[in-house]
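Below: the structure, in structure tokens.
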Amino acid sequence: MGNRNGTSDVRLPAVRFRISGDRALIAVYGEGVDPAVNERVRRMAALIAAVRHPAIEAVVPSYCTLAVHYDPNLIDPPALAGLLRDLEAHPGETAVPEAAIVEIPVCYGGEFGPDLEVVAAHNRLAPEAVIQLHSEAVYRIYAIGFAPGFCYLGGLDPRIHAPRLATPRLRVPAGSVGIAGGQTGIYPLTSPGGWQLIGRTPLRLFDPEREPPIPYRPGDAIRFRPIPADVFARLAAEADR
């Protein structure tokens, strides 16, 4: 039987809880990389946010878990677990936002994607084929972490999987798009990193002065759009302004 938010409870496992320190409760909704489980996590995050419970300070969704940070002076873990169970069982009329598809322009190869040819050679493909396969998919954002705005994306074509670098780079430019194993992602800030870099976006994906500071949320999707170097330069200049 489905609930008012369109999810089905028939085959979903019962939620499990783990205590994390003295201010967080981890709700475990499944295992591994599973779109159905991740959608359950996304919907629960939206429902909790809509409740605006005074004891709940933050909600952090991941692949199959939801970390709920709380004020221990206002609620304890058993009561919070009961609240989450009741909310999932009786979501009421709360509307869960539809997942958005965010388009990210990317200039592939060259100085922007120094590992494109490595990924191509690893998979016995031409670089152009890697670009086509990477940009024709729509990727679900399973989690955001590691750095503000860094999104872990699912749905990478197995034909362009590639191992992490043996030695991580000390400096990966902001906007770099990389591949690591069966995942792809974007570095929103300049940082160390060990993913194979195949391109870069000129967009400023994390801006603390902007509201919201990140243009996507867990559960949204990303589509990459190839652009030439001159368009990259123009969009980068617009982002700087």
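Below is a table of values for the structure above.
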| item | result |
| --- | --- |
| Out of Arg210, Arg171, Arg223, sole residue that is part of a loop (DSSP other than H, G, I, E, B) and among the basic types (Lys, Arg) | Arg210 |
| Criterion: farther than 24 Å from Thr65 by Cβ, of a type in the set (Lys, Arg) and surrounded by fewer than 21 Cβ atoms within 10 Å (Cβ to Cβ) - qualifying residue of Arg164, Arg234 | Arg234 |
| The one condition in (1) more than 23 Å from the chain's Cα centre (by Cα); (2) of a type in the set (A, V, I, L, M, F, W, C); (3) under 30 Å from Ala233 (Cβ atoms) that Leu87 fails to fulfil | (3) |
| Residue among Ala180, Ala166 that alone is farther than 17 Å from Ile104 by Cα, among the hydrophobic types (A, V, I, L, M, F, W, C) and not in a strand (DSSP E or B) | Ala166 |
| Which listed residue is more than 12 Å from Leu80 (Cβ to Cβ), of a type in the set (Val, Ile, Thr) and at pLDDT 85 or above, from Val59, Val33, Val10, Val28 | Val28 |
| Counted residues, region 116-154 - those being in contact (Cβ under 8 Å) with a residue 40 or more places away in the chain, surrounded by fewer than 20 Cβ atoms within 10 Å (Cβ to Cβ) and over 26 Å from Tyr216 (Cα atoms) | 2 |
| Failed item, numbered, when Glu88 is tested on (1) at pLDDT 95 or above; (2) touching a Leu at 6+ places or on another chain (Cβ under 8 Å) | (1) |
| Complete set of residues in region 177-231 that are more than 25 Å from Ala45 (Cα to Cα) and aliphatic (A, V, I, L, M) | Val177, Ile179, Ala180, Leu189, Leu197, Ile198, Leu203, Ile227, Ala229, Val231 |
| Residue ranges of strands (runs of 3 or more DSSP E) in region 26-120 with at least 2 members over 22 Å from Leu153 (Cβ atoms) | 56-61, 65-70 |
| Filter pass, Leu205 being assigned to a loop (DSSP other than H, G, I, E, B), among the aliphatic types (A, V, I, L, M), in contact with a strand residue (DSSP E or B) (Cβ under 8 Å, 6 or more places away or on another chain) and at pLDDT below 95 | yes |
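The values are calculated or read from the model by the stated rules, or taken from the named source; none is laboratory data. Note that the structure is predicted; figures quoted are calculated from it, not measured. Glycine also receives a Cβ, built like all others from the backbone with ideal geometry; neighbour counts cover every protein chain displayed.
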